């Protein structure tokens with residue numbers, strides 16, 4: 001059977017065999033990406049709203065810096081944190097290298113500039129009249145913020161989704177900081193890298209398809225969630 | 001600093017819904033193994049058996065010998081297994097590790113295209129074979145990653161009196177499986193450990209062209225990270241693991257292990273290159 005045919009068949013088998021080990025790997029991927037996205041989002045979104053609303057010196061420089069950081073290679077983030085978390089590093093005593101916690105930290109750094117940048121763009125799209133209108137209608141400070149968030153929620157969601165996509169699809173941080181430990185820090189992407197190195201190309205590609213399917217499901221759920229709140 | 005750590009861990013663990021790792025950390029052993037022991041599957045079988053017998057959990061990270069010894073030197077693991085005798089001796093001599101013991105051995109083989117344009121097949125020694133590849137400028141894919149295999153390659157080039165340079169020499173910088181696949185795709189020669197070769201054999205057009213020279217001997221050793229340098233090293237668990245895989249049960253597993261019906265490793269090793277089973 002040809003390469004792609006076998007890969008599709010493998011992917012199909014993978015999904016419907018309900019192999020506990022595989023589902024654990026999938027779950028690890030989702031859990032770690034979700035955690036880093038959650039932590040990055042709760043920091044980035046308020047920051048973005050403030051950043052967008054205020055004028056301050058160095059704002060455009062910060063904006064360019066953020067744009068640059070979006071291009072950070074995952075392996076560089078991995079190496080940077082490796083140097084810090086390795087036993088010889090400044091935070092080596094914490095013993096965090098090769099743990100899920102280290103992976104969350106790495107992905108957090110990786111997606112922080114992405115979510116922040118897109119969230120700023122989202123905040124910028126808001127109609128400036130929202131503020132004046134809501135004040136004119138006698139809204140309190142909290143009500144103003146809520147109204148503002150309601151206005152930009154779709155664009156904010158797009159920022160979160162972009163962060164999730166980057167987190168679940170990256171391999172550099174997961175490999176360097178997690179160590180691809182079976183039954184603990186093995187994610188879909190590090191499993192793909194491992195299977196590729198073993199020459200199990202079809203199986204690796206099947207895992208890739210599974211990853212896309214998972215990303216699709218997560219995004220569908222988010223979209224459904226958005227529609228509910230329309 | 002302590003409180004920052006606590007806060008950080010609390011937040012991440014709370015969101016991850018994780019049982020904090022530091023609670024049961026005493027029964028967790030961290031080991032670094034080489035890519036060849038992973039891709040051949042032997043490490044997995046050994047570790048599974050160890051966990052079943054002792055209840056001690058193992059976290060395994062997979063690196064080339066150079067990186068494995070480096071991460072062990074930094075104290076990120078408790079035990080390291082490698083197949084790069086020179087690097088291992090430095091590791092012990094400099095006091096980064098203690099108690100180096102032989103685990104198992106197999107050998108390297110030279111693989112290449114079936115028509116064998118460099119005539120490697122009829123070489124008298126591995127060094128002669130390497131010399132022929134260089135002389136005829138047939139393509140050779142090198143690991144180029146300071147792995148045990150790469151160090152052996154370099155030794156063979158030295159013995160052949162060649163410094164590998166030119167378009168024919170392809171320094172890949174990748175693991176054994178990737179290098180085999182590359183060599184296979186472009187019809188090049190390469191040096192490969194027998195375990196990985198057996199695991200890949202069925203999907204390769206490359207064939208085994210040369211084997212059997214003493215110099216191709218490939219011993220694996222296990223070492224414990226020096227607890228004087230890294231006090232957090234789980235020395236007791238590390239010793240238990242070492243006793244297990246160098247002991248009767250572990251050696252039996254290695255001896256019984258088969259890839260596609262062929263024995264991939266021989267248990268034990270004798271120092272100074274004298275081969276026995």
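Only the coordinates and a few stated rules stand behind these numbers; no lab work does. Bear in mind that the values here come from a model prediction, so they are computed numbers and not experimental data. Methodologically, a virtual Cβ is constructed for each residue, glycine included, from the backbone with ideal geometry; neighbour enumeration extends over all protein chains shown.
Some values worked out for this structure:
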| read-out | value |
| --- | --- |
| Estimated FRET transfer efficiency (residue B:207, residue B:28; beta-carbon r; R0 45 Å; 0.05) | 0.55 |
| For chain B, built as a Gaussian network whose Cα springs stay under 10 Å, the top-fluctuating residue of B:175, B:64, B:95 | B:95 |
| Degrees, to the nearest 10: A:3-17 long Cα axis against longest axis of chain A | 80 |
| Within 10 Å of each Cβ in A:102-108, the average number of Cβ atoms from other chains | 2 |
| Antiparallel %, DSSP beta bridges [both residues in the protein assembly as shown], to 5 | 65 |
| Relative exposure of B:263, B:158, judged by other C-beta atoms within 10 Å (fewest first) | B:158, B:263 |
| For chain B, built as a Gaussian network whose Cα springs stay under 10 Å, the top-fluctuating residue of B:211, B:248, B:153 | B:248 |
| Separation of the residue A:72 and residue A:27 label points, Cα + 7 Å toward Cβ, nm | 3.0 |
| Over the range B:33-151: Kirkwood hydrodynamic radius from C-alpha pairwise inverse distances, Å | 16.6 |
| Gain on full stretching of the segment that runs from residue A:227 to residue A:64 - 0.36 nm per residue minus C-alpha separation | 55.3 nm |
| Tail weight of P(r) past 22 Å, computed on alpha-carbon pairs of chain A, percent | 59 |
| The protein assembly as shown - Debye-derived log10 I(q)/I(0), Cα point model, q = 0.06, 0.09, 0.11 Å⁻¹ | -0.35, -0.73, -1.00 |
| Sequence of A:10, A:127 once ranked by neighbouring C-beta atoms within 10 Å, starting from the fewest | A:127, A:10 |
| If the convex hull is drawn through the Cα atoms of the range A:103-211, its volume per residue in Å³ | 116 |
| Estimated D of the range A:173-225 in µm² per second, where Rh is the Kirkwood radius over Cα pairs and Stokes-Einstein applies at 25 °C, 0.890 mPa s | 204 |
| Tail beyond 25 Å, pair distance distribution of chain B (Cα, percent) | 49 |
| Cβ neighbours within 10 Å from other chains - mean over A:87-95 | 5 |
| Gain upon complete extension [residue B:167, residue B:185; 0.36 nm per residue less C-alpha separation] | 4.8 nm |
| Antiparallel %, DSSP beta bridges [both residues in chain B], to 5 | 65 |
| Inter-label distance for residue B:158 and residue A:121, nm, one decimal - labels placed 7 Å from Cα along Cα-to-Cβ | 5.4 |
| Cα gyration tensor shape for the range B:118-277, rounded if a/c is under 1.5, else prolate or oblate | prolate |
| Rounded tilt (10° steps) of A:74-85 against the dominant C-alpha axis of chain A | 90 |
| Choice from A:17, A:153, A:186 with maximal GNM fluctuation in chain A (Cα, 10 Å cutoff) | A:17 |
| Where labels lie 7 Å past Cα in the beta-carbon direction, separation of residue B:86 and residue B:7 in nm | 5.0 |
| Shielding score for B:55-62, defined as the mean number of other chain Cβ atoms within 10 Å | 5 |
| The range A:66-166: translational diffusion in µm²/s, Stokes-Einstein, Kirkwood Rh over Cα pairs, 4 °C, 1.567 mPa s | 81 |
